[in-house]
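These notes concern the structure reproduced below.
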Amino acid sequence: MDRNHTDGETKRNDETAVALLLRSPHLDVGQIMELMDIGDREFREMAGRNETIARRLEERRLGTLRELKSDPRPCKACGEWFLPYGSDRFCSDGCKRTAQLSACRRRTV
Ligand SMILES: [Zn+2]
């Protein structure tokens, strides 16, 4: 039961990332599937149950996708996809701190 719960979490995270990546006009669906390592069938299932993904696909089809200021990129610390402000490399302050701490440790060791 616990494992199923974890699988569900992972799927939801993947869907959040896919929805985010779909906002970028520079990535096509094939590239997004490759980045997220998901197959055609899985992608269709996601679009079927996730309203945000379905809406983004529709917006892409109609060409009404709003231009983003920046492209989504993976966080250097946790690997989650996020929308950076300027040259942000981390998705959150927590991740930034984690990265700084491990950089400190590397310097002192
Ligand atoms: Zn992060």
> Can you give the charge dipole size of segment 1-84 about its Cα centre, rounded to the nearest 20 debye, using +1 on the beta carbon of Lys and Arg and -1 on the beta carbon of Asp and Glu?
Replying inline: 300
> Taking trypsin sites (Lys or Arg not before Pro) as exposed when DSSP calls them loop (any state but H, G, I, E, B) and at most 12 other Cβ atoms lie within 10 Å, what is the longest stretch of the chain free of them, the sites themselves excluded?
Replying inline: 1-65
>> Positive end of the dipole of segment 1-68, charges at C-beta (+1 Lys, Arg; -1 Asp, Glu), about the Cα centre: which of Q31, L21, T64 has its Cα farthest in that direction?
In response: T64
>> Please compute the modelled spin-label separation between V29 and T10, points set 7 Å along Cα→Cβ, answer in nm with one decimal.
In response: 2.4
> Tell me, what are the semi-axes, in whole angstrom and largest first, of the equivalent ellipsoid of the chain as set by the roots of 5 times the Cα gyration tensor eigenvalues?
Replying inline: 29, 20, 11
>> For a quick check: with amide H placed at 1.01 Å from N, whose amide H comes under 5 Å from W81's, ignoring anything fewer than 5 positions away on the same chain?
In response: C75
> Based on the Cβ-Cβ distance of R55 and D93, what FRET efficiency does E = 1/(1 + (r/R0)^6) give at R0 = 35 Å, to the nearest 0.05?
Replying inline: 0.75
> Which of M36, M46 comes first, and how do the rest follow, when ranked by fewest Cβ neighbours within 10 Å?
Replying inline: M36, M46
> Under a point-charge model restricted to the Cβ atoms of Lys and Arg (+1) and Asp and Glu (-1), what is the dipole moment magnitude of segment 39-87 relative to its Cα centre, in debye to the nearest 20?
Replying inline: 80
> Relative contact order (percent) for the chain, with alpha-carbon contacts under 8 angstrom and 6 or more residues of separation?
Replying inline: 21
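Readers should treat all values here as calculations from the given coordinates under stated rules, not as data from a laboratory. Computed from a prediction, not measured in an experiment: that's the story for all the values here. All Cβ positions, glycine included, derive from the backbone under ideal geometry; neighbour counts span all protein chains shown.
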